[in-house]
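Asks: Mind looking over this structure? Questions follow.
The values are calculated or read from the model by the stated rules, or taken from the named source; none is laboratory data. Just so it is clear, the structure is predicted and the values come from calculations on it, not from any experiment. Methodologically, a virtual Cβ is constructed for each residue, glycine included, from the backbone with ideal geometry; neighbour enumeration extends over all protein chains shown. Quick note on the areas: whole protein, heavy atoms, side chains included, nothing else; ligands and nucleic acids left out. Shrake-Rupley method; radii C 1.70, N 1.55, O 1.52, S 1.80 Å.
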Amino acid sequence: MSDKTNENNKNIEIEPLQQAQDQLEKANQQAKEYLDSWKRERADFINYKKEEAKRVGEFIKFANEGIFLEMMEVLDNVEIAKKHIPEKIIEDHEEWLEGLEKALAGFEELLSRYGIEKIPIKDQKFNPVLHEAVNGGEGEDIEEVRAGYTMHGKVIRPARVKILSKN
Amino acid sequence: MGTTNSAMAIVEVGQPRIIENKEGMRTTPSIAAMGKSGERYVGITAKRQAVTNPANTIFSTKRLVGRRFKDEEVQKDKKLLPYEIREAKNGGVEIKMGEQWYKPEEISAMVLQKLKFDAEDRLGEKITEAIITVPAYFDDSQRKATKDAGEIAGLIVKRVINEPTAAALAYGLNKKKDEKVVVYDFGGGTFDISVLEIGDDTIEVKATGGDTHLGGDDFDQRIINYLINEFKKDYGVDVSRDQLAVQRLKDAAEKAKHELSSTLQTEINIPFLTADASGPKHFSTTFTRAKLEELVKDFIGHSIELTKKTIDETGFKISDINEVLLVGGQTRMPLIVEEVKKLFGKEPHKDINPDEVVALGAAVQGGIMQGEIRDVLLLDVTPLSLGIETLGQVFTRMIEKNTTVPVSKTQIFSTAADNQPSVEIHVLQGERAMAHDNKTLGRFILDGIPPAPRGVPQVEVSFDIDANGILHVKAKDKGTEKEQSIRIEGSSGLSDEEKKKMTADAEKYATEDAKKKELAETRNLAETLAYSTEKMVKDNEAKVKDDDKKELNDKIEKVRSALKSDDPEEIKKQTEELSKSAQRVGGELYKEAQNKQPEPAASAQESSGEPKEEPKDAK
């Protein structure tokens, strides 16, 4: 025990300095680490706020999407009914039909005010980004089965199309 | 990586969050396809072209990945899959897409790559590492192949974890000890049951079971068949071969199934479903939850049997199970929740979106692994709300319960009486509405406030809790810059029992407290109005007509006598009466001031300034 103490005494000059230096280095290291984590945390938070603002913006922009999608299901049925208009009405009641068309056009105008556009079908080739196929046709030309829509450029419902067989 | 859909999540500010794909959807179909002119589609676009291109639209690769071609399952699936598969040289499976043959993991990689790109697009940074989940029953070869898929997609796969384990992580069950957990996973195409045992730092899979060909899609098919039959009964027309009609029935079936999770019945209404020589035929019917349950009862019964069997294999008793987790979209069905609850005699966990819980759990695992590297900073929350007592013994919260610390909040208060020389800051903790029902942490007085009418001095009170949970409360008179403060240690040093009791009391007395608080607020309002009306009359002594003076003074008197009672209705009534008169008189004063423009500036300002504030205060 006493031997050891003697030996320790020899180092007494160097040790405290060494110890202090070690401690300083450790403290510096730690301070750097803390500052770094703090900066990181601040950055994380600021970025999160930015992202959140963006997300809220997106959310507001598309907030009505769900309601419109449900309304479109009703519109789909009207469109299907239009395909089944009896010949007699087509022949004898042209103006009545015109009125119906105008009423429907009003709805489409309303949609466009909210950034909703019908996906065009005429002269288009099948493109799964915009269209959803309902049959196993071979060709590329398409016929609309159910209208599709974009909202602010995003496809909210693809157009459902029949693929027409070649020629 | 689901059999039918995949999802991805990241950890952000300590919480897992699903990342939407490019199309804005939270899940992505696990499908890849090769178009006619060699273009590649992945996800929803691949799904949209599937019927027109079945031979080159590859789905359900999860059923093939890492398997041997000769496996019984592969041979069974081969008959069901519309695309071509063959035995690879190494005995594995190869899939034909376009003119080329691919390994299943290469197809899976296409899906993963889309997810990677979409995530990079959303987050604006490179994604380099991933954690992928697999069913608990996957063997080494299937896990290896899944990992390969990730690497082909350009990801470093940090870990491949079990889906039920991920679900347990999402629910935070890894923090529990010695628990037995059953994960009941009813997805679109597969039903998986897993029994987990949570140990000290591990989650061990004790047994797995299920049916790889039972899922929500089977439910849909049952509904569609039922609807086809109903229509046939009504009209004698079979629409099962009419592609367009079946498509519309399918839409209706899916919609009805979803609706019946929250309602007891739904209307199915499909005009012009078909037409024959006699004219168009419309389909409308009422579809009830009871009917739906009858249609799929055997599926659910089967799943419950499989659950029992799997638990049996572990040697556990059903009563040994501590927690049950519901995963997969089909578990939204109330009958499933009910049957599971009946089997275990306890409420299953279903708070986290069952379509997303596995992906969220994978993100949690990612967070844990990052945490190990980056030394997680554990932040405390305040267990109870902190605040001060304000006029009428109301407890005004400064820092809400469950706020993450360190935090500081500042609010401006004022005096309640004219020439009030000091304010007492009474610091409290608790959830009750009235100050005296909460726990006092300390109090101090800020004095030396110069004489001023009530409501004029601005006393800024700030609460600051540092990272060690020490609360510093400071009050400062903005006029004189004089301040006082107090330091409260161990404000969260309540025992768990105390915390629980205080929170429970708050709930128990919620209605009563709300009434007391309302009375206090009504009184404050009445006192303020009486005070400010009195002041208006005094300040405008010369301008207010004698009749008006009398009317206002009478009404002030009535308010004050009402205040002596504790009847909120009476106080409100008298306050309203006074408010009406005060507004009228104030309005007249204001008009007068405008008519007689060239008044001395100072008094004009005073007389027009005060009444303008009156109605605001009275409201």
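Asks: So which of B:116/B:257; B:177/B:500; B:70/B:250; B:22/B:180 end up more than 27 Å apart by C-alpha? Display every interim value, and only then the final one.
Replies: Values: B:116/B:257 32 Å; B:177/B:500 22 Å; B:70/B:250 35 Å; B:22/B:180 39 Å.
Over 27 Å apart, Cα to Cα: B:116/B:257; B:70/B:250; B:22/B:180.
Asks: By how many degrees, 0 to 90 and rounded to 10, does the Cα axis of helix B:104-123 deviate from the longest principal axis of chain B?
Replies: 20 degrees
Asks: Still on this structure: Suppose we compare each residue of segment B:31-53 in its chain alone and in the full protein complex with a 1.4 Å probe; which ones drop by at least 50 Å² of accessible area?
Replies: When all protein chains are present, B:36, B:48, B:51, B:52 each give up 50 Å² or more of accessible surface.
Asks: In square angstrom and rounded to 100, what buried accessible area do you get between chains B and A, total over both, with the probe at 1.4 Å? It would help to have the intermediate numbers written out before the result.
Replies: Working: alone 32620 and 13420 Å², together 43670 Å².
Answer for the B-A pair: about 2400 Å² buried.
Asks: Could you tell me the accessible area of residue A:60 in Å² (1.4 Å probe, neighbours in place), rounded to the nearest ten?
Replies: Residue A:60 exposes around 110 Å² with every protein chain in place.
Asks: While we're on this one: Within segment B:564-597, whose backbone N sits under 18 Å from a point 7 Å along Cα→Cβ of residue B:554?
Replies: From segment B:564-597, the list is B:573-586.
Asks: Where in segment A:100-138 is the amide nitrogen less than 18 Å from a point lying 7 Å along the Cα-to-Cβ axis of residue B:243?
Replies: A:124-138
Asks: For residue B:346, give me every one of the aspartates and glutamates with a C-alpha distance below 16 angstrom, ignoring sequence neighbours fewer than eight places off in its own chain.
Replies: Residue B:346 reaches B:179, B:320, B:323, B:338.
Asks: Tell me the carbon and sulfur percent of the accessible area for segment B:486-552, rounded to whole percent, probe radius 1.4 Å. Walk me through the intermediate numbers first.
Replies: Working: 2080 of 4140 Å².
Result for segment B:486-552: 50 percent of the exposed heavy-atom area is carbon or sulfur.
Asks: Separate question: Summarise the long-distance tail of P(r) for chain B by giving the % of C-alpha pairs beyond 35 Å. Mind showing how you got there, number by number?
Replies: Working: 115989 of 191271 pairs.
I get 61 percent for the Cα pairs in chain B exceeding 35 Å.
Asks: Helix A:94-113 versus the longest principal axis of chain A: what angle, 0 to 90°, nearest 10, using Cα atoms?
Replies: Its long axis makes an angle of about 10 degrees.
Asks: Give a residue-ordered list of calculated ³J(HN,Hα) values for segment B:380-392 (Karplus: 6.51 cos²θ - 1.76 cosθ + 1.60, θ = phi - 60°; whole Hz; x for Gly, Pro).
Replies: Result, ordered by residue: 7, 10, 6, x, 9, 6, 10, x, 10, 8, 10, 2, x Hz.
Asks: Working from Cα positions, state the angle (0 to 90°, nearest 10) between the long axis of helix B:510-539 and the longest principal axis of chain B.
Replies: Helix B:510-539 and the main axis of chain B meet at about 40 degrees.
Asks: Separate question: Indicate the gyration tensor shape class of segment B:327-427 (rounded, prolate or oblate), computed on the Cα atoms with a ≥ b ≥ c the square roots of the eigenvalues: a/c under 1.5 is rounded; otherwise a/b larger than b/c is prolate and the rest oblate. Before the final figure, lay out the partial values.
Replies: Details: a/c = 4.47, a/b = 2.03, b/c = 2.21.
The shape class here is oblate.
Asks: Quick one: compute the contact order of chain B, relative version, from alpha carbon pairs under 8 angstrom and 6+ residues apart, as a percent.
Replies: Details: 1074 pairs, mean separation 53.0, N = 619.
After rounding, I find 9 percent.
Asks: For segment B:104-227, what does the relative contact order come out to in percent, with C-alpha contacts under 8 Å and a separation of six or more? Don't jump to the answer; show the numbers that get you there.
Replies: Details: 184 pairs, mean separation 23.6, N = 124.
Dividing the mean separation by the residue count of segment B:104-227 yields 19 percent.
Asks: Got a number for the accessible area of residue B:101? Probe 1.4 Å, square angstrom, nearest 10.
Replies: Taking all protein chains as shown, residue B:101 has close to 70 Å².
Asks: Moving on to the next point. Any chance you could check segment A:38-71 for residues losing 30 Å² or more of accessible area when the partner protein chains are in, compared with the chain on its own (1.4 Å probe)?
Replies: Buried on complex formation: A:40, A:48, A:51, A:55.
Asks: For residue A:26, list the aspartates and glutamates whose Cα falls under 19 Å from its own Cα; do not include residues on the same chain fewer than 8 positions away.
Replies: Cross-link targets: A:15, A:36, B:375.
Asks: Run through segment B:291-400 and list the GluC sites (Glu not before Pro) located in a DSSP loop whose Cβ has at most 16 other Cβ atoms within 10 Å. Working shown, then result.
Replies: Numbers: sites: B:293, B:294, B:305, B:313, B:323, B:338, B:339, B:356, B:372, B:389, B:400; in loops: B:356, B:400.
Loop-located and lightly packed - B:400.
Asks: Sequence gap at least 6, Cα distance under 8 Å: using those rules, report the relative contact order of segment B:161-257 to the nearest whole percent.
Replies: On the way: 125 pairs, mean separation 18.1, N = 97.
Relative contact order of segment B:161-257: 19 percent.
Asks: Give A:125/B:147; B:36/B:79; B:62/B:232; B:233/B:308 a once-over and call out the pairs whose C-alpha atoms are over 28 Å from each other. Don't jump to the answer; show the numbers that get you there.
Replies: On the way: A:125/B:147 38 Å; B:36/B:79 24 Å; B:62/B:232 38 Å; B:233/B:308 39 Å.
Pairs exceeding the cut-off: A:125/B:147; B:62/B:232; B:233/B:308.
Asks: Next question, about the same structure. Give the lysines reachable from residue B:517 as a straight Cα distance under 16 Å; neighbours fewer than 8 places away on the same chain don't count.
Replies: Partners within reach: B:508, B:572.
Asks: I've got another one for you. How big is the accessible area of residue B:237 in square angstrom, nearest 10, if you roll a 1.4 angstrom probe over the protein chains?
Replies: Accessible surface of residue B:237 is approximately 40 Å².
Asks: Using only alpha-carbon positions, what ratio does the radius of gyration of the protein assembly as shown give when scaled by 2.2 N^0.38 Å? Mind showing how you got there, number by number?
Replies: Numbers: Rg = 36.0 Å, N = 786, 2.2 N^0.38 = 27.7 Å.
The protein assembly as shown yields a ratio of 1.30.
Asks: Moving on to the next point. Using the Cβ atoms and a cut-off under 10 Å, what net charge is assigned to the surroundings of residue B:206, where Lys and Arg are +1 and Asp and Glu are -1? Present the calculation step by step, with values, prior to reporting the outcome.
Replies: Details: positive: B:180; negative: B:197, B:204, B:313.
Here the charged neighbours net out to -2.
Asks: Let me ask you something else. State in Å² the accessible area per residue of chain B; use a 1.4 Å probe, count heavy atoms of protein chains only, and round to the nearest integer.
Replies: Details: 31390 Å² over 619 residues.
I get 51 Å² per residue for this part.
Asks: Another one. Give the value in nm², to one decimal: projected area of the alpha carbon convex hull of segment B:1-115, averaged over all directions.
Replies: Details: hull surface 31.8 nm².
Dividing the Cα hull surface by four gives the mean projection, 7.9 nm².
Asks: How would you order A:105-118, B:34-47 from highest to lowest mean count of nearby Cβ atoms within 10 Å? It would help to have the intermediate numbers written out before the result.
Replies: Details: A:105-118: 13.1, B:34-47: 19.1.
In descending order of packing, they fall as B:34-47, A:105-118.
Asks: Then there's this: What is the log10 of I(q)/I(0) for segment B:165-302, computed with the Debye formula using one identical point scatterer on each Cα and no solvent, at q = 0.10, 0.17, 0.20 Å⁻¹?
Replies: With one equal scatterer per Cα and no solvent, log10 I(q)/I(0) is -0.49, -0.92, -1.11.
Asks: Continuing with this model, one more query. Between residue B:178 and residue A:28, take the C-beta separation as r, use R0 = 35 Å, and let me know the FRET efficiency to the nearest 0.05. The partial results should precede the final answer.
Replies: On the way: r = 44 Å, r/R0 = 1.25.
Efficiency, from the Cβ-Cβ distance: 0.20.
Asks: Still on this structure: With θ set to phi - 60°, apply the Karplus curve 6.51 cos²θ - 1.76 cosθ + 1.60 along segment B:255-262 and write out the HN-Hα couplings as whole Hz, x wherever there is a Gly or Pro.
Replies: Whole-Hz 3J(HN,Hα) from phi for segment B:255-262: 5, 4, 4, 5, 4, 6, 6, 10.
Asks: Could you go through segment B:19-32 in sequence order and give the Karplus-derived ³J(HN,Hα) for each residue, using 6.51 cos²θ - 1.76 cosθ + 1.60 with θ = phi - 60°, rounded to whole Hz, and x for Gly and Pro?
Replies: 3J(HN,Hα) across segment B:19-32, in whole Hz: 9, 7, 7, 4, 7, x, 10, 7, 10, 10, x, 7, 9, 10.
Asks: Taking all protein chains in place and a 1.4 Å probe, what share, in percent, of the accessible surface of segment B:435-476 do carbon and sulfur account for? Intermediate results must be reported in sequence, preceding the final value.
Replies: Values: 920 of 1860 Å².
Carbon and sulfur: 49 percent of the exposed surface of segment B:435-476.
Asks: What is chain A by shape, rounded, prolate or oblate, if you read a ≥ b ≥ c off the alpha carbon gyration tensor as root eigenvalues and call it rounded for a/c under 1.5, prolate for a/b larger than b/c, and oblate otherwise?
Replies: Details: a/c = 7.04, a/b = 3.81, b/c = 1.85.
Prolate, since a/c reaches 1.5 and a/b exceeds b/c.
Asks: Here is a further query. Put simply, what bits of segment A:96-137 lose 50 Å² or more of accessible area when the other protein chains are there, versus the chain on its own (1.4 Å probe)?
Replies: SASA drop of 50 Å² or more in segment A:96-137: A:128, A:134.
Asks: Can you give me the % of accessible surface on segment A:1-142 that is carbon or sulfur? Probe 1.4 Å, all protein chains present, nothing else counted. If you can, show how the numbers build up before the last one.
Replies: Details: 6040 of 11140 Å².
For segment A:1-142, the apolar C and S fraction of the accessible surface comes to 54 percent.
Asks: Could you tell me which GluC sites (Glu not before Pro) in segment B:50-143 are loop residues by DSSP with no more than 11 other beta carbons within 10 angstrom of their beta carbon? The partial results should precede the final answer.
Replies: Numbers: sites: B:72, B:73, B:84, B:87, B:94, B:99, B:105, B:106, B:120, B:125, B:129; in loops: B:84, B:99, B:125.
Sites meeting the loop and neighbour criteria: B:99, B:125.
Asks: Now a separate question. Could you sort out which of B:474/B:535; A:88/A:122; A:118/B:297 sit more than 30 Å apart by Cα distance in this structure?
Replies: On the way: B:474/B:535 32 Å; A:88/A:122 27 Å; A:118/B:297 41 Å.
Too far apart for the 30 Å limit: B:474/B:535; A:118/B:297.
Asks: Mind giving me the FRET efficiency for residue A:37 and residue A:113? R0 is 45 Å, r the Cβ-Cβ distance, nearest 0.05 is fine.
Replies: Numbers: r = 49 Å, r/R0 = 1.09.
Here the calculated transfer efficiency is 0.35.
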